1. Does Thr216 satisfy the condition of being at pLDDT 95 or above, farther than 24 Å from Thr255 by Cβ and touching a helix residue (DSSP H, G or I) at 6+ places or on another chain (Cβ under 9 Å)?
2. Could you tell me which residue of region 173-193 is least open to solvent (accessible area, probe 1.4 Å), considering only residues that are among the small types (Gly, Ala, Ser) and more than 22 Å from Tyr212 (Cβ to Cβ)?
3. Would you mind stating whether Val132 is within 17 Å of Val54 (Cα to Cα), assigned to a strand (DSSP E or B) and not acidic (Asp, Glu)?
4. I'm trying to understand the selection: among the residues of region 241-264, which are at pLDDT 90 or above, of a type outside the set (Gly, Ala, Ser) and surrounded by 14 or more Cβ atoms within 10 Å (Cβ to Cβ)?
5. Which residues, taken from region 131-150, are out of contact with any strand residue (DSSP E or B) (no Cβ under 8 Å at 6 or more places or on another chain) and either open to solvent by 50 Å² or more (accessible area, probe 1.4 Å) or closer than 20 Å to Thr79 by Cα (or both)?
6. Determine whether region 202-213 contains at least one residue that is hydrophobic (A, V, I, L, M, F, W, C), assigned to a helix (DSSP H, G or I), more than 27 Å from Pro99 (Cα to Cα) and open to solvent by 40 Å² or more (accessible area, probe 1.4 Å).
7. Where the second residue is assigned to a helix (DSSP H, G or I) and surrounded by fewer than 16 Cβ atoms within 10 Å (Cβ to Cβ) and the first is among the polar types (S, T, N, Q) and lies in region 185-212, which pairs have Cβ atoms under 9 Å and are six or more apart or on separate chains?
Amino acid sequence: MKLKHTILGLALTAALVLPSSAADVLAVNGQNLWSEAQAQLVEGGTTYVSLRTVTEALAPSANVSWENGTAWVRGRGLTLSAKPGEQWMTVNGRALYIPHQVRLVNGKTMVPVRVLAQALGGQVDWSSQDGVTLTPGSGRPAPASYTENDLYWMSRIISAESRGEPLLGKLAVGTVVLNRVASDEFPDTIYDVIFDRKWGIQFEPVANGTVYNEPTEESVLAAKLVLDGARAAGDSLYFLAPDLTNNHWMMEHQTYVTTIGCHWFYK
């Protein structure tokens, strides 16, 4: 059976997108918080909302604070942080991807509505007539669907393959691993994909032993993000750094997808 991941699609990798005709409504328990939350359409239609306003509506027992440039939410079974300028928010050890960054608008920490709802265990619905409706849930997220073993090996292959790459490049390497897990052409687990030898060693760090090195902090973050649904490099199954190898078979036989940092990605 293929490894099951929580594929959140747009719920994680690009928060709710509204057409321009949508009503200016952000409703929680029948109350319209649109103006209070200063919800706005930015980055191609992604709906951002005030972290404090929506948190107080979805998790009223939680405490929201601002400490050293970071917004924190703490409550029963909940620890959440969101720092303006970063492309993720953390919640109970998980990392949820925010492609267009956490925003700071008029002194308010703004985050995508779907990501925040997921972090608080709530649900988001939308209609052109009623706008955005948030349904309170548990007040905290569900446990991560991946295992510690998944995180251990994913963080190490990302670190070994893309230590000097930007976060997006690290996510792309992780995406290739998970695309292989999902493909019938490759093994069914992260560990088995990394150490696959059916057609020879698949990843250079396995050959040179660097896959066993302690991963960088950003590589662990990237592993958490990709295991929780973040994706880059589309449906790529392969990558290489053309300037660092003499083996260009992939470039001649596979379909080019994109370039991120020094890596070229193929399917």
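1. Against the criterion (at pLDDT 95 or above, farther than 24 Å from Thr255 by Cβ and touching a helix residue (DSSP H, G or I) at 6+ places or on another chain (Cβ under 9 Å)), Thr216 qualifies.
2. Taking the candidates together, the pick is Ser183.
3. Yes: the conditions hold for Val132.
4. Listed by number, the residues that qualify are Gln254, Val257, Thr258, Thr259, Ile260, Cys262, His263, Trp264.
5. Ser138, Ala142, Pro143, Ser145, Tyr146, Thr147, Glu148, Asn149 - these are the residues of region 131-150 that are out of contact with any strand residue (DSSP E or B) (no Cβ under 8 Å at 6 or more places or on another chain) and either open to solvent by 50 Å² or more (accessible area, probe 1.4 Å) or closer than 20 Å to Thr79 by Cα (or both).
6. Scanning region 202-213, I find at least one residue that is hydrophobic (A, V, I, L, M, F, W, C), assigned to a helix (DSSP H, G or I), more than 27 Å from Pro99 (Cα to Cα) and open to solvent by 40 Å² or more (accessible area, probe 1.4 Å), so the answer is yes.
7. Thr189/Asn149; Thr210/Glu204
Rundown of residues vs (1) β-branched (Val, Ile, Thr); (2) modelled with pLDDT under 90, yes/no style:
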position: His100; (1), (2): no, yes
position: Val105; (1), (2): yes, yes
position: Val111; (1), (2): yes, no
position: Gly131; (1), (2): no, yes
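The values are calculated or read from the model by the stated rules, or taken from the named source; none is laboratory data. If you're wondering where the values come from, they're calculated on a predicted model, not measured in any experiment. Glycine also receives a Cβ, built like all others from the backbone with ideal geometry; neighbour counts cover every protein chain displayed. Keep in mind that these areas ignore ligands, DNA and RNA; they rest on the heavy atoms of the full protein, side chains included. Shrake-Rupley method; radii C 1.70, N 1.55, O 1.52, S 1.80 Å.
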